[in-house]
2 protein chains.
Amino acid sequence: MTIGPIDHVAVVVRSIEESLPRYAELFGLRPGRIYELPAQRSRVCFLPTGPDPAARLELVQPIDGESGVARFLSVRGEGLHHVCLRSTDLPADLAALAARDVELIDTAPRPGAEGQVAFVHPRSLNGVLWELLTPPQT
Amino acid sequence: MTIGPIDHVAVVVRSIEESLPRYAELFGLRPGRIYELPAQRSRVCFLPTGPDPAARLELVQPIDGESGVARFLSVRGEGLHHVCLRSTDLPADLAALAARDVELIDTAPRPGAEGQVAFVHPRSLNGVLWELLTPPQT
């Protein structure tokens, strides 16, 4: 098993640009790059929270009403959306999860804002939407 | 400003004991100590997710129907509850937040399962219940 540590915790927001100044003002957190993800009908921004390159916050903003993130925002409002754990071997970890009857949203790795990602359905473990991420090769 | 990194992400669960085997089976995560917190009418268990002592998951289980965590479980079911960021000077950080019109649930540090903690109301920033934690002196 190659899962962990926490890479990021994602928060759905109405507007990244309107939210970022408050993270700086309240917590002293500075944003990284903003990624435009038209295929996911969203845009995201990572905020490092310390010297470790993992342990980031991710702000996720829907760009229209057509995504799961947009539905989340419409139904529940802004708030915690998912937790991302790192995987050093995502295909093997997904196969191991599938063999344990875990409900995978993505049965194969797909490109994320950074690296390769796959999501696990909240029904699988404690109502949490889990993301697994293999960071890009550096 | 002395806030960050992420110390833990908390998940409300019906039963810590029934949840823990699944974290081991699916993610290879082993639990730390279980804390009984009668004053908070809950019990919690931390699961390290990597070599960094921060970046943990926290499972939170209400022990009766009388807490905010119990109400969360009753209304929303199991799921993500709060994000905890470390603070090296909690009284100063709380004063700075109050000066910026942040709605504090705890206006002064109080004992948590570990160290001193204070919670910030979700209305203050993107619908997220934020916890600030100064770890115990080691």
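We did not get these values from a lab; they are worked out from the coordinates using the rules stated. Every value quoted in this text rests on a predicted model; they were computed, and no experiment measured them. So basically every Cβ, Gly included, is an ideal-geometry build from the backbone, and we count neighbours across all protein chains shown.
Counting only DSSP beta bridges whose two residues both lie in chain B, roughly 75 percent are antiparallel.
Taking every residue in A:22-29 and counting other chain Cβ atoms within 10 Å of its Cβ, the average works out to 6. When each of A:His8, B:His121 is scored by the number of other beta-carbon atoms lying within 10 Å, the sequence from fewest to most is B:His121, A:His8. Between the residues A:Gly68, A:Ala10, B:Thr2, the greatest Cα displacement towards the positive end of the dipole of the protein assembly as shown, with unit charges on the Cβ of Lys, Arg, Asp and Glu, is found for A:Gly68.
Between copies, the label points at B:Ile63 (set 7 angstrom from Cα along Cα-to-Cβ) are spaced 5.0 nm, reported in nanometres from shortest to longest. Computed on the range B:3-134, with alpha-carbon pairs under 8 angstrom and 6+ residues apart, the relative contact order is 26 percent. Relative to the Cα centre, the charge distribution of the protein assembly as shown, modelled as +1 at Lys and Arg Cβ and -1 at Asp and Glu Cβ, gives a dipole magnitude of about 200 debye. With the label put 7 angstrom out from Cα along the Cα-to-Cβ vector, A:Ala24 ends up 4.7 nm from the copy partners, going from closest to farthest. What does DSSP give for the protein assembly as shown in terms of the percent of beta bridges that are antiparallel, rounded to the nearest 5? DSSP beta bridges in the protein assembly as shown are roughly 75 percent antiparallel. Here the range A:1-77 is assigned +1 on the Cβ of each Lys and Arg and -1 on the Cβ of each Asp and Glu. Its dipole about the Cα centre then comes out at about 100 debye. For chain A, the longest piece that avoids every one of the GluC sites (Glu not before Pro) found in DSSP loops with at most 14 other C-beta atoms within 10 Å covers A:1-65. The alpha carbons of the protein assembly as shown give a radius of gyration and a Dmax of 17.8, 52 Å, in that order. In chain B, the longest principal axis of the Cα atoms and the axis of helix B:16-27 are about 80 degrees apart.
Taking Cα atoms only, the orientation of helix B:90-99 departs from the longest principal axis of chain B by about 60 degrees. Placing +1 on the Cβ of every Lys and Arg and -1 on the Cβ of every Asp and Glu, with nothing else charged, gives chain A a dipole about its Cα centre of roughly 160 debye.
Loop-located trypsin sites (Lys or Arg not before Pro) in the range B:17-55 (DSSP state not H, G, I, E or B) with no more than 13 neighbouring Cβ atoms inside 10 Å: B:Arg33. Inter-chain Cβ neighbour count for A:2-15, averaged per residue, equals 5 (cutoff 10 Å, partner chain atoms only).
Note on A:Arg30/A:Ala108: beta-carbon distance plugged into 1/(1 + (r/R0)^6) with R0 of 35 Å gives a FRET efficiency of 0.55. Taking 1.567 mPa s as the viscosity and 4 °C as the temperature, the Stokes-Einstein diffusion coefficient of chain B based on its alpha-carbon Kirkwood radius rounds to 84 µm²/s.
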